[in-house]
Amino acid sequence: MRSGRHFLLIVFLALTAIAFNSQNAVSQILYGRWKSEDEHRFGTVNSLTGDLTTIATIPRTSSFGISTFSNALDPAKSTLYFAAIDSSDWLYSVNMKTESVTRVLIDNVTFMWLEFDHISEVLYGRWKSEDEHHFGTVDPDTGELTTIATIPRSSSFGIASASNTLDPLNSILYFSANDSSNWLYSVNMETGSVDRVSTDDVSLMWLEFDPISEVLYGRWKSEDEHRFGTVDPDTGELTTIATIPRSPSFGIASASNTLNPLNSTLYFGANDSSNWLYSVNMETGSVRKVLTDDALYWLEVPEPCGLAFLTLGAVTVLRKREYRCLCGTVSWPDLTPTS
């Protein structure tokens, strides 16, 4: 057992060194979606300068609509998934390296959310039937949906549209909802169990899970502030780290949030009379912003090889000995202890 742990430590330290040596070069680059007059644009966003670089486009038409909250990224394939509708419902895939755009038909289902699990390499989603909210897997090649858990739909029950995030270490999907009270829900995507805790008088607008620190972050509002902080998934307790004043002229793009766990920074798009990319350091509470030429609708953090391992932590090696990253497949030796 000791030799196995020693090897694991050596591997972890080596990959940590690789990760941090490349961090400065890559952590400033995000993926994003924005619009021109006649196109939906997908590309890179420089978080330090605000520069936008288009990689792929889809024509804008009056009959074509993108589901606002349905974005998810497979970092190993550099593929962005999202749902859209024209006369039918579709799951789109945009490869951010090759610029290819493909789609598969989804029968009579509009996705409300998508989340990609970096460990199991499974695409999860939320969709609705006539009387239930469904949570399950989505096959990006065929469009097949498999329900894992359900929650009854009712006129008094509402799910916060952009509040979804996934804990890939424990396969738990978190989201915020309300009936007569405000709740933080957790759905175990392996067992199908559903739990909830009260968040008192606070409705959570966003959630982001940090797989390095294993901390759940959120955004909520007070009467005069946007608040960013931690959310205890066991108790519902909220702890403010940073704030931005609320004003009638200031708007935050509802689905534009993403977290870079390497620098503990939350990014999002916002506008007043101009368009901005905001970054909030969730360790120090510092807030900065840079101008962008266009309004940002989505943001995602790419993960280069090595960073993927660091992001998921050493526990990944114990749970799964083969982890696919941008450089290909890394096979880990059997760490089973021998007597």
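Readers should treat all values here as calculations from the given coordinates under stated rules, not as data from a laboratory. Every value quoted in this text rests on a predicted model; they were computed, and no experiment measured them. Backbone-built Cβ (ideal geometry, glycine too); neighbour counts: all protein chains shown.
Computed values, structure above
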| quantity | calculated |
| --- | --- |
| Cα shape, the stretch 157-238, gyration tensor, a/c 1.5 rule | oblate |
| Computed E for Phe250/Lys35 - FRET, C-beta separation, R0 22 angstrom, nearest 0.05 | 0.60 |
| Fraction of the pair-distance distribution of the stretch 141-184 above 16 Å, Cα-Cα pairs, percent | 54 percent |
| Additional length obtainable on full extension of the chain from Thr49 to Thr146, 0.36 nm per residue less Cα span | 30.8 nm |
| Pairwise centroid distance, computed over Cα atoms, of the stretch 256-287 with the stretch 79-119, Å | 25 Å |
| Span per principal axis, largest first, for the Cα atoms of the stretch 90-224 (Å) | 45, 38, 33 |
| Förster radius 22 Å - calculated FRET efficiency between Arg60 and Lys289, Cβ distance, rounded to 0.05 | 0.25 |
| Tensor-based shape of the stretch 58-164 (alpha-carbon gyration tensor, a/c under 1.5 rounded, otherwise prolate or oblate) | oblate |
| Distribution of pairwise C-alpha distances over the stretch 139-293, 5 Å bins, in % | 2, 8, 17, 21, 19, 15, 10, 6, 2, 0 |
| FRET efficiency estimate (nearest 0.05) - Cβ-Cβ, Asp201 to Ser87, R0 45 angstrom | 0.55 |
| Kirkwood-type radius of the stretch 125-205, with distances r between different C-alpha atoms, in Å | 13.3 Å |
| Prolate/oblate/rounded call for the stretch 116-168, Cα gyration tensor, a/c under 1.5 rounded | oblate |
